[in-house]
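Since the structure comes first, as structure tokens, the remarks are kept for the end.
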Amino acid sequence: MNFNIALIRGDGIGPEVTNESVKLIHKVGETFGHSFTFNEKLAGGAAIDAFGVALPAETLAACKASDAVLLGAVGGLKWDTLPGDQRPETALLGLRKELALYANIRPAILMSELLAACPLRPELVGGGLDLVIVRELTGGIYFGDKGTVTDDDAGVSAYDVERYSEAEVRRIGIIAFDMARKRRGRLTSVDKANVLESSRLWRRVVTELAANYPDVALNHMYVDNAAMQLVRNPGQFDVIVTNNIFGDILSDEASMITGSIGMLPSASLTGGNFGMYEPIHGSAPDIAGKGLANPIASILSAAMMFRYTFGLAKEADAVERAVKHVIGQGFRTPDMAGNESVKIVSTSELGELVTAAVGQ
Ligand code: NAD
């Protein structure tokens with residue numbers, strides 16, 4: 001069977017890590033008898049340089065016409081002085097909104113082989129870590145009304161509005177409950193209902209949904225407590241569901257517990273099969289072009305694409321096994337070195353090792 005993938009390599013380390021997942025996807029095709037066709041397009045800083053806009057219409061059209069989108073990362077110092085509405089990152093918000101990708105799935109798994117790279121004491125993570133953050137992606141403060149007003153006394157004030165509808169909370173809540181049901185049956189809804197009206201609505205709607213999921217144990221947690229619990233006792237979490245901004249922050253925190261932000265993949269879904277797959281990290285301008293970037297987040301994003309969009313579960317398992325195998329052999333990019341004696345390899349060397357391990 002042939003699958004069509006819109007490929008956006010992006011900026012900084014985006015092209016370096018994406019190269020590795022493209023190699024791996026072709027290897028999966030050869031091993032399991034599928035073909036994957038890539039339609040390569042620009043977005044972010046590279047598109048600003050070529051076309052003057054972060055998200056060209058042609059890129060958006062190619063994404064809409066494909067089965068899935070694979071993205072590296074966008075942004076960089078070169079474009080940091082542009083006004084907010086013209087920066088590379090607007091391409092991400094545009095893609096999420098235009099493709100209706102409202103559910104962002106971010107697994108955080110600490111492999112036992114990477115315990116030494118985890119900044120928490122072993123007794124805090126000894127029981128392992130395997131959680132999923134389900135982040136609402138097309139609503140809330142990132143998409144709400146924003147602007148500035150000038151007042152004679154106070155000078156300029158700026159505002160960003162956090163706003164959620166019942167329908168928006170319900171659809172992301174359903175994704176999270178369904179996921180918890182397929183995992184260990186525990187769902188933590190994170191909000192700030194002691195202060196925010198939008199969070200009180202969030203909590204009410206999630207609580208109402210719980211009646212349909214008697215097999216899922218729901219608890220609510222304030223975001224400040226959740227940030228603390230993630231480093232105090234991360235093993236207590238199974239699935240976390242939260243709004244756009246809290247999910248953005250908590251998933252970066254969770255990523256550090258797994259050893260490196262370079263390990264964490266993500267899927268952004270529509271509720272149907274279509275999805276956009278990307279590492280949770282950014283374009284890492286500090287290490288771009290040096291062969292230092294960890295390609296595993298991108299490779300595991302490809303595994304999520306096999307599982308969620310293409311329905312290729314055994315291919316996804318094979319990729320995840322290959323990653324574990326290579327890490328088990330002691331190969332690391334510098335970000336996940338920890339304090340063990342490990343074999344440090346470059347981005348492409350690690351990618352090739354994982355690709356070679358697929359199907360072995
Ligand atoms: P970042 O994730 O790019 O980097 C944070 C730190 O993690 C850096 O020290 C970096 O070297 C390291 N890091 C990130 N990915 C790594 C990898 N695969 N391997 C090894 N180390 C890795 O975040 P930032 O520095 O805040 O942002 C840099 C640029 O990326 C900015 O322009 C930002 O707007 C953009 N950004 C883009 C996305 C995206 O495209 N989805 C997400 C976040 C940030």
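The values are calculated or read from the model by the stated rules, or taken from the named source; none is laboratory data. Since this is a predicted model, take the numbers as computed values, not measurements. Neighbour counts run over all protein chains shown; Cβ positions are idealised from the backbone, glycine included.
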For the list (1) surrounded by 14 or more Cβ atoms within 10 Å (Cβ to Cβ); (2) touching a residue at least 40 places away in the same chain (Cβ under 8 Å); (3) within 16 Å of the ligand (Cβ to nearest atom), I need the number of the one condition that Leu77 fails. (1)
Note down all Cβ pairs under 6 Å where the first residue falls in the stretch 31-54 and is assigned by TED's automatic domain parsing to the domain that holds Lys78, the second is surrounded by fewer than 16 Cβ atoms within 10 Å (Cβ to Cβ) and in a loop (DSSP other than H, G, I, E, B), and they're at least six residues apart or on different chains. Thr31/Gly359; His34/Met1
Checked pairs for the stretch 257-269, first within 9 Å of Ala297 (Cβ to Cβ), second part of a helix (DSSP H, G or I) and among the polar types (S, T, N, Q), C-beta under 8 Å and 6 or more apart or across chains, list as Ile261/Ser255; Met263/Ser255; Leu264/Ser251; Leu264/Ser255; Pro265/Ser298; Pro265/Ser301; Ser266/Ser251; Ser266/Ser301
Candidate set from the stretch 301-337 (those that are within 16 Å of the ligand (Cβ to nearest atom) and among the hydroxyl-bearing types (Ser, Thr, Tyr)); member that is farthest from Thr347 (Cα to Cα): Ser301
If you check Leu7 against the conditions, is it assigned to a strand (DSSP E or B) and within 16 Å of the ligand (Cβ to nearest atom)? yes
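Residues checked against (1) out of contact with any Phe, Trp or Tyr (no Cβ under 6 Å at 6 or more places or on another chain); (2) in contact (Cβ under 8 Å) with a residue 24 or more places away in the chain; (3) surrounded by fewer than 20 Cβ atoms within 10 Å (Cβ to Cβ); (4) within 15 Å of Ile109 (Cα to Cα):
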position	(1), (2), (3), (4)
Lys290	yes, no, yes, no
Ala293	yes, yes, no, no
Ile296	yes, yes, no, yes
Leu300	yes, yes, no, yes
Met304	no, yes, no, yes
Ala313	yes, no, yes, no
Val323	yes, yes, no, yes
Thr333	yes, yes, no, no
Gly351	yes, yes, no, no
Among the residues of the stretch 85-96, is any touching a residue at least 60 places away in the same chain (Cβ under 8 Å), surrounded by fewer than 24 Cβ atoms within 10 Å (Cβ to Cβ) and on the phi < 0 side of the Ramachandran plot? yes
Every residue from the stretch 342-360 that is of a type in the set (Val, Ile, Thr), within 15 Å of the ligand (Cβ to nearest atom) and in a loop (DSSP other than H, G, I, E, B): Val342, Val345
Considering each of Asn225, Asn219, Asn194 in turn, give the residue that is part of a loop (DSSP other than H, G, I, E, B), assigned by TED's automatic domain parsing to the domain that holds Thr138 and without any contact (Cβ under 8 Å) to a residue 40 or more places away in the chain. Asn194
